[in-house]
Amino acid sequence: MSEFRSHMDQALDEARAAAARGEVPVGAVVVAPDGRVVAAAGNRTRELNDPTAHAEVLALRTACALVGSERLPDHDLYVTLEPCPMCAAAISFARIGRLYYGAEDPKSGGVAHGARVFAHAQCHHVPEVYDGIGAEEAARLLQEFFAGRRG
Ligand SMILES: [Zn+2]
């Protein structure tokens with residue numbers, strides 16, 4: 001199994017754990033330049049009563065605290081779903097080197113859809129972006145979660 005696939009598998013585990021907590025199943029993992037996973041998180045907006053507690057934001061906060069810096073140059077972020085505009089901006093502010101995401105999110109995404117945060121001149125750091133990794137499983141978790149809530 002390739003490295004990027006295994007990191008996405010860990011992000012998917014975080015997404016499953018989020019679903020088990022009743023949170024929208026999205027998971028994120030931050031990987032240091034030496035390949036170590038330095039943070040992993042799933043959504044906790046309900047638990048924390050915090051609309052900013054998306055998986056990406058929580059993982060970035062943990063990684064920044066560990067590194068002791070507001071920036072994470074040459075770190076990679078893996079997330080199971082296309083980041084929303086808020087998270088895309090946070091990823092830019094953190095100077096993440098490479099962003100890998102799974103499922104696309106035409107409804108709320110901010111990378112390939114909607115605000116397309118990285119496409120603007122006002123975005124001062126643009127990561128390399130790789131999409132579609134583990135997308136099927138990421139999309140399935142979301143579909144199951146929302147189908148369960150309806151039923
Ligand atoms: Zn977000």
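Looking only at residues of segment 27-61 that are more than 13 Å from the chain's Cα centre (by Cα) and among the polar types (S, T, N, Q), we find that the one that is nearest to the ligand (Cβ to nearest atom) is Thr45.
The residues in segment 124-138 that are crowded, with 16+ Cβ neighbours inside 10 Å and part of a loop (DSSP other than H, G, I, E, B) can be counted, and the count is 3. Per the listing Gly132, Gly109, the residue uniquely closer than 20 Å to Ala15 by Cα, within 14 Å of the ligand (Cβ to nearest atom) and not hydroxyl-bearing (Ser, Thr, Tyr) is Gly109.
What residue, among those in segment 38-67 that are among the small types (Gly, Ala, Ser), in contact with a helix residue (DSSP H, G or I) (Cβ under 6 Å, 6 or more places away or on another chain) and closer than 16 Å to Met86 by Cβ, is surrounded by the most Cβ atoms within 10 Å (Cβ to Cβ)? Here the answer is Ala41. Quick one: in segment 78-96, of everything that is assigned to a loop (DSSP other than H, G, I, E, B) and within 8 Å of the ligand (Cβ to nearest atom), which residue is surrounded by the most Cβ atoms within 10 Å (Cβ to Cβ)? Per the stated criteria, the residue is Pro83. With respect to the stated conditions, Thr62 fails to be among the polar types (S, T, N, Q) and within 23 Å of Phe145 (Cβ to Cβ).
Read-outs: derived from the displayed coordinates by stated rules, not from any lab. If you're wondering where the values come from, they're calculated on a predicted model, not measured in any experiment. Because the Cβ atoms are built from the backbone with ideal geometry, glycine has one as well, and the counts that use them run over all protein chains shown.
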